[in-house]
Structures are given as C-alpha cells and as structure tokens.
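The values are calculated or read from the model by the stated rules, or taken from the named source; none is laboratory data. None of the values given here were measured: they were computed from a predicted structure. All Cβ positions, glycine included, derive from the backbone under ideal geometry; neighbour counts span all protein chains shown.
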Amino acid sequence: MPTCASCGTNNVEGTKFCVSCGAALAPSPGAWRSPTDELRGQPSSGGASQSGALGGGYPPSPSTPPTYAPPATAAAPGAMFGMPAGGDMSFATMRYAEWIDRVGAALIDGFLTAAVVIVMYIIFAVIAGGLGAVGGEEAAFSIICFGILITTISALGLGLYNKVFLVNKRGFSIGQGIMKLKVVDAMGNIPSIGTLILRLLVQLGMNAVPFVGIILVLLDLLWPLWDEKKQTLHDKAASTFVIKTA
C-alpha cells in the first residue's frame, strides 16, 4: 500500500496520486519487477509492458533471405542450328553441309534449269522447222535467234527465282530443300537479296570467263572438299555458308 511522503496518508494499491493532498505517490516496493521466464510477455503491476517493447516478449525470429530465382528465358533463335544465345552463330558452331549433299542439290537445280531450256529449244526448233519447210528460211533463222534469246532470259529468270527469291524467302532453293540444306550468312540469318544476287552472278560469271571458265566452274564445285568451312568460291565471294538442317 503506497504511503504519501507529503502528508502520510495511506492510499489504495495502484493509486498514483495521494487522495488527500494530490502529491505523486512512489510505487510500493516490488511493484516494478523485471519480467521473469514465467512472467515474460505479461504486463508488470505498474501497467507498463516490457514485453510490448520487445514485440510480445518473444525474441524476433531471424529473417530468412528471399530465394532468388533467375527469370526464365526463351530458347535463343537459331538454337536448332547450334547457335549461341543472341543469334550469333560462330563458324565453329555451324553444321556445314557435306560436299555430296551440295552436289546433289546442285544437280537437282541444274536439272530443272536444263529441262526448261530443252523444252523451249524444242518449241522454237519446231516452229523454225515449219517455217523453213514452206520456204521461209529467213523467218526460220529469226525464230532460232529469238528462241536462243528467250531461252537464255528464261534460264536466268529461273535462276533468280530459285536461287535468289526462294532462298531469300525460306533459306533454300528447290534442290537445297530436297537435300535439307540452308543458305545463311555469318550470323546464321538468311542472306539479303543483294547478297544472293552477288552470289549467283559470281557463280554464273565463272562460266563466262573465256578459255578458263570450265576450270573455274570445276574448281568452284570442288572447293568445299578441302575448305575448312566447306564453302564454294561463290560462297566466299558473298560471305555465305550452306548448312545441314536435318
């Protein structure tokens, strides 16, 4: 029971001010006790709660650092061809086409062109022969010259369609598609139309060189046999590569 130090009045336990003179009362002995193991988390007799200051009397649990999970990334473009992330296909990761596969594709493409040329020659020859039979020798000769011109233009147009347009759209010509090949640049992408035109012109130009044209064509055909990247000469001129896709 607290006793007022000013007037000596005994006051009821828990009273903070004297009921007689209003002076502040000192707490009774033992009123402010430190919490023990049994009283941890319980408020003291003075109304103050040490456990409240400590968050309920229980020591804070150690925080667990969050687990970092790297974001999932999609497969890099060109992974099916062995390209590293970012689409940068290095020379060492390309699966170069074998020489025999390239020869097979070239034979198929060449057969298509030859078939068109032969059919057109036959058509113009029949027309010229008919004119010659009725006495139109000059007209027959004109038809032959015109037929040669049209046939040459048709063969060139077929080459542009097969080896430039189709390759730019899907990555391979008719023959290359049958042999599961694809033309790419140094980054593993489909070459531009300008690059493919340069590639075709170099290939055709070798055959047009006087005296040594056949040698250049044969050398161009055989070059992948000993080339590290299995390129032909017209591949090297255009910085293109032929890879195997299956």
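Data overview
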quantity: Candidates 161, 121 - the one that is under 29 Å from residue 195 (Cα atoms), of a type in the set (Ser, Thr, Tyr) and in a helix (DSSP H, G or I); calculated: 161
quantity: Failed condition for residue 231, given (1) part of a helix (DSSP H, G or I); (2) touching a strand residue (DSSP E or B) at 6+ places or on another chain (Cβ under 7 Å); (3) polar (S, T, N, Q); calculated: (1)
quantity: Filter pass, residue 177 being surrounded by 13 or more Cβ atoms within 10 Å (Cβ to Cβ), more than 21 Å from residue 202 (Cα to Cα) and modelled with pLDDT of 90 or more; calculated: yes
quantity: Enumeration of residues in the stretch 180-235 that are closer than 17 Å to residue 110 by Cβ and of a type in the set (Lys, Arg); calculated: 199
quantity: Criterion (hydroxyl-bearing (Ser, Thr, Tyr), surrounded by 16 or more Cβ atoms within 10 Å (Cβ to Cβ) and at pLDDT 85 or above) met by exactly one of 113, 152; calculated: 113
quantity: Selection count where residues are of a type in the set (Val, Ile, Thr) and in contact (Cβ under 8 Å) with a residue 40 or more places away in the chain, scope the stretch 160-185; calculated: 4
